[in-house]
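The values are calculated or read from the model by the stated rules, or taken from the named source; none is laboratory data. Here the structure is a predicted model, which is why all the values come from computation and not from measurement. With ideal geometry, Cβ positions are generated from the backbone for all residues, glycine too; neighbour counts draw on all protein chains shown. The accessibility values were calculated without ligands, DNA or RNA, using every heavy atom of the protein model including side chains. Shrake-Rupley method; radii C 1.70, N 1.55, O 1.52, S 1.80 Å.
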Amino acid sequence: MKEFFKYVLATITGMLLMGILVCGMFFMMMVSAMMAGEQKPSLHDDSVLHLQLNGMLTERATSDPMSFLLGSSDMESIGLNDMVKALKVAAKDKHIKGVYLEAGVLGADFASIQELRKAILDFKKSGKFVYAYGDAYTQGCYYVCSAADKLYLNPSGLIEWQGLASQPMFYKDLLEKLGVKMQVFKVGTYKSAVEPFTRTDMSPENREQVQVFIDDIWKNVIADVAQGRKLSADTLNAYANRYVSFAAPEEFVKLKMVDALYYIDQMRDELRKAIGNKTVHLVAASDVARLYEETAETSDHVAVYFAEGTIVDEVASRFGGMRELQIVGSKVVEDLDKLASDEHVKAVVLRINSGGGSAYASEQMWRAIQLLKKKKPVVVSMSGMAASGGYYMSCGADYIFAEPTTLTGSIGIFGMVPDATGLLTDKLGLHFDIVKTNEAADFGAMGRPFNANEAAAMQQHVERGYALFLKRVAEGRKMSVADVDKIAQGRVWTGSAALPLKLVDKMGTLDDAIAEAATRAKMKDKTQFRSYPAPAPWFEDLMDKQKEQYIERELRAVLGANYTTLTFLSNLQGRARLQARIPFDPNFVGM
């Protein structure tokens, strides 16, 4: 028995030591990863900037040392800002001889890839080469790569070129099968965000606005590709109409959509020739971007504040689906107050990429922007979307820039509350009773639909929200409320269409917005800027993910087959009652 306890104790001690050793090694690896991420890279002679057009393109990259540890570039998030910074560095750095665009599956909105394409064209002014290669080109990737000097395709590859479509999904019949009916209150003939929950097809008004803005976006895409590939717009439209996506690879050369068919080894040879038959050192955009020097906090500068995602009142967790980017109203208000008090911040550029969300949070951020404007210039740079709540934020700025393909406007308000009586009572067997002191005490109670008085009160609430939205736009854009109402009604506009309507002031990029803000602040150097807010530490994001995954596992275990239905319902109920937002997803087909 004595020997038994001795061996057990030795085993436990060994396991503890092994655990300590593993934890220590993991800690050292994490420290190494962080240090590697902070160190500025040294560039070899004959380097080539490698832009991998693969994955989701967001405004800013996220820091994730785990990708470094696991050696997975697929896990690394690369932001539009890093790509643009890298191109600026590459244009001036003598070690970088050119740019290599590698096509993949790129998830991005049109305005973001339009801005990236413009940055590539600016790089070309340096006289350095830009080559593009892909096994296959999605339509969005081909649009970006059409700016290259030479465009190559794998001999077994293809190019998606089919035009643009929008295909929304409708949940009304599904919800009815689940026993859920959406109670909708809205203002705005074109306010279509509620349609997936109340209809089985697009309303005539929604069909009209979507047709107009996809035609406008496609017109921009065609014009840019036509210029890049030296083809006419009619020719490119004819290609799309005849299902050219299914053409033999050799046909793409004849059609002048690519310059040659190369295997990857031939592409490497082409890059070597471009730098004088020397060894090519491909360097990632995330590395080159670290060589870009932003202005020090203690120097006078323009603050570029990034606001991307769904507008919410407070940080919200999402279960049963992907985590989404969020603009948290309370945090933005706090951050803008700090920028207003910072003597080194001479002007602020709000970089907005949002389809909206909580009307309440939008109003609070509008107020914070007005207070900020009293102390320093505020300029808005619209990215992929600055619509509904995103436009609510924008409308009070001193000056607004948009890309031609930005989706904006959507000035309208709606409220959507699920009536889950059929699910909770008829299907799950849950029953509710109530004791109350006043008529309105159980407003919004579960287990029953709104009565007539509640529905009337909710509609009045929505209409007041719309009236306030119109007033904010009228004040900010120096228009009458009546004139704003004519172009509002929830209608979505592209940036180019919004310009003559006076919803925006000028077409331009983030750099243009920074220069405008610096001019308004009477700064001598128009390029001095710093990005805000500081990204959250990687370990905070990791802990949040672990917490959400744990809760989700527990919910799945308890709810079983009802998990998906109940979490879907919870996500709907978790939203603020008043929403200023564009349709949940533009549902583009053909990116």
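Before we move on, is Ile222 in contact with a strand residue (DSSP E or B) (Cβ under 8 Å, 6 or more places away or on another chain), among the aliphatic types (A, V, I, L, M), open to solvent by less than 60 Å² (accessible area, probe 1.4 Å) and part of a helix (DSSP H, G or I)? Answer is no for this residue. Evaluated against (1) buried (at least 17 other Cβ atoms within 10 Å of the Cβ); (2) touching a helix residue (DSSP H, G or I) at 6+ places or on another chain (Cβ under 7 Å), Lys191 falls short on exactly one condition, (2). In the set Tyr292, Tyr239, only one residue is of a type outside the set (Lys, Arg), within 30 Å of Met507 (Cα to Cα), in a helix (DSSP H, G or I) and in contact (Cβ under 8 Å) with a residue 40 or more places away in the chain; that residue is Tyr239. Inspect all residues belonging to segment 152-168 and state whether any of them is under 30 Å from Thr421 (Cβ atoms) and not hydroxyl-bearing (Ser, Thr, Tyr). Yes, because at least one residue in segment 152-168 is under 30 Å from Thr421 (Cβ atoms) and not hydroxyl-bearing (Ser, Thr, Tyr). Among the residues examined, Leu164 qualifies as of a type outside the set (Asp, Glu), more than 30 Å from Lys128 (Cα to Cα) and at pLDDT 90 or above. For segment 457-485, a residue qualifies if it is hydroxyl-bearing (Ser, Thr, Tyr) and either surrounded by fewer than 22 Cβ atoms within 10 Å (Cβ to Cβ) or within 22 Å of Ala440 (Cβ to Cβ) (or both), and exactly one does: Ser480. Taking every residue in segment 153-177 that is over 26 Å from Trp218 (Cα atoms) and pairing it with any residue that is of a type in the set (Val, Ile, Thr) and not in a loop (DSSP other than H, G, I, E, B), at least 6 positions away or on another chain, the pairs with Cβ-Cβ distances below 7 Å are Lys172/Thr198. Being modelled with pLDDT of 95 or more and either open to solvent by 50 Å² or more (accessible area, probe 1.4 Å) or touching a Pro at 6+ places or on another chain (Cβ under 6 Å) (or both) is the filter here, so list the residues in segment 345-376 that pass it. Those that are modelled with pLDDT of 95 or more and either open to solvent by 50 Å² or more (accessible area, probe 1.4 Å) or touching a Pro at 6+ places or on another chain (Cβ under 6 Å) (or both): Lys346, Ala347, Gln364, Arg367, Leu371, Lys373, Lys374, Lys375. Can you confirm whether segment 189-203 contains a residue that is in contact (Cβ under 8 Å) with a residue 12 or more places away in the chain, assigned to a helix (DSSP H, G or I) and in contact with a Ser or Thr (Cβ under 9 Å, 6 or more places away or on another chain)? Within segment 189-203 (the criterion being in contact (Cβ under 8 Å) with a residue 12 or more places away in the chain, assigned to a helix (DSSP H, G or I) and in contact with a Ser or Thr (Cβ under 9 Å, 6 or more places away or on another chain)), the answer is yes, since at least one residue qualifies. When restricted to residues that are among the hydrophobic types (A, V, I, L, M, F, W, C) and surrounded by fewer than 18 Cβ atoms within 10 Å (Cβ to Cβ), segment 137-166 contains 1.
Within segment 488-514, the only residue that satisfies the criterion of being surrounded by fewer than 19 Cβ atoms within 10 Å (Cβ to Cβ) and part of a helix (DSSP H, G or I) is Asp512. The number of residues in segment 175-188 that are touching a strand residue (DSSP E or B) at 6+ places or on another chain (Cβ under 8 Å) and in a loop (DSSP other than H, G, I, E, B) comes to 2.
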